[in-house]
1. For PRO173, are the conditions met, namely being assigned to a loop (DSSP other than H, G, I, E, B), touching a Gly at 6+ places or on another chain (Cβ under 8 Å) and not β-branched (Val, Ile, Thr)?
2. What are the residues in the range 62-88 that are in a loop (DSSP other than H, G, I, E, B), surrounded by 17 or more Cβ atoms within 10 Å (Cβ to Cβ) and touching a strand residue (DSSP E or B) at 6+ places or on another chain (Cβ under 6 Å), if any?
3. Please go through the range 94-121 and pick out each residue that is touching a helix residue (DSSP H, G or I) at 6+ places or on another chain (Cβ under 6 Å) and either assigned to a helix (DSSP H, G or I) or within 21 Å of PHE162 (Cα to Cα) (or both).
4. Is at least one residue of the range 147-170 crowded, with 18+ Cβ neighbours inside 10 Å, among the charged types (D, E, K, R) and in a loop (DSSP other than H, G, I, E, B)?
5. Can you tell me which residue is surrounded by the fewest Cβ atoms within 10 Å (Cβ to Cβ) among those in the range 38-61 that are touching a residue at least 12 places away in the same chain (Cβ under 8 Å) and in a loop (DSSP other than H, G, I, E, B)?
Amino acid sequence: MQAISDWDARDALSVMFVDHPFQVPAASSLRILYLPRFGASPVDPEIADSVASAVQDLAGLGHRVEEGNIPFDIDGVSQAWPVFSQAGLAWLIRSQADWCGKVTPAIEQMAASGLAITAADYYAALDTVGRLRCALSVFFARYDIIVTPTAAALPWPATEVFPPIIAGQKVSPRGHAVFTAFANMAGCPGINVPGAPSSSGLPIGFQLVAAPGKDGLLCAIAEQYESARPWADRWPSL
C-alpha cells in the first residue's frame, strides 16, 4: 500500500493523498453501520448467520455497531452499474475489428448491449455516481465503516456462470454480487474479511467499506478482527 498510495502528478485524483500518506491507525472504537441485506435481494441463510456473528464480534471488540437502512439509492446503483460495465466493454473491444466469434456468447451479448447505450444513458449513470458520492460523504460524517456480506451466495459449481437461485429465490446474473458495486462506483476502499465458514466448509466473507482515503482504517479493523478470530490455519478437505 505504501508503494502504490502516494500521489502522482499524472493522476489528478491522487492529489488528496499529498499530505496523507498511507498509515494504519489504532482500531479504536469505530462507528459501524451494519447492512445485512440490500432491499429485497436474497442472502443465503448461512452467510447471513456468519456475518451477523462477525458483527457481534466487532461489537465485542469495542466498536459501536448499529443496524440500519441503506444510506444511498440502491436501485439507482443497480441500474447504473450495467451501463458502465457494458459500455466499458464495448469501448474496450471495438478497437479489435475481428473480435466477433472470439469471445463467449455472454461477453458478445454484453458488448452488443454496450454499443446500444446512448450518451444520455451514460450521462444519467454519471449523475447517479455523483449522487451516490454525495450521499456517502454525508454518511461518513456520522459513521466510520459500513459492514455487509461480501457475496449473497455461497460458492457455486464451476459449470455455472452464476448461481440462479439464492435462499430459494430466482436471481439475476448479479444476484450474488449486489453488495460490492456501490463501493466501486463511489471510489470507496473495501476489504473482504473471512468469517465463519458454512456448515460444509465453504468460505464466507464480510465486507468492510470506509470513506475514500481511509484504506488504513480498514486494514486496522481487519487486523484487529483477524487477531481475535484467526482463520489462516483453516484448510478444506481436498
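Each value in this text was obtained by applying a stated rule to the coordinates, not by laboratory testing. Since we're looking at a predicted model, the values are computed, not measured. Reconstructed Cβ throughout: ideal geometry from the backbone, glycine too, with neighbour counts over all protein chains shown.
1. Answer is no for this residue.
2. Hit for the range 62-88 is HIS63, nothing else.
3. MET110, ALA111, SER113, GLY114, LEU115, ASP121
4. no
5. Looking at residues that are touching a residue at least 12 places away in the same chain (Cβ under 8 Å) and in a loop (DSSP other than H, G, I, E, B), I get GLY39.
Quick grid of which residues meet (1) in contact (Cβ under 8 Å) with a residue 24 or more places away in the chain; (2) under 16 Å from the mean Cα position of the chain (by Cα):
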{"residue": "ASN184", "(1), (2)": "no, yes"}
{"residue": "PRO197", "(1), (2)": "yes, no"}
{"residue": "GLY201", "(1), (2)": "yes, no"}
{"residue": "GLN207", "(1), (2)": "yes, yes"}
{"residue": "LYS214", "(1), (2)": "yes, yes"}
{"residue": "LEU218", "(1), (2)": "yes, yes"}
{"residue": "ILE221", "(1), (2)": "yes, no"}
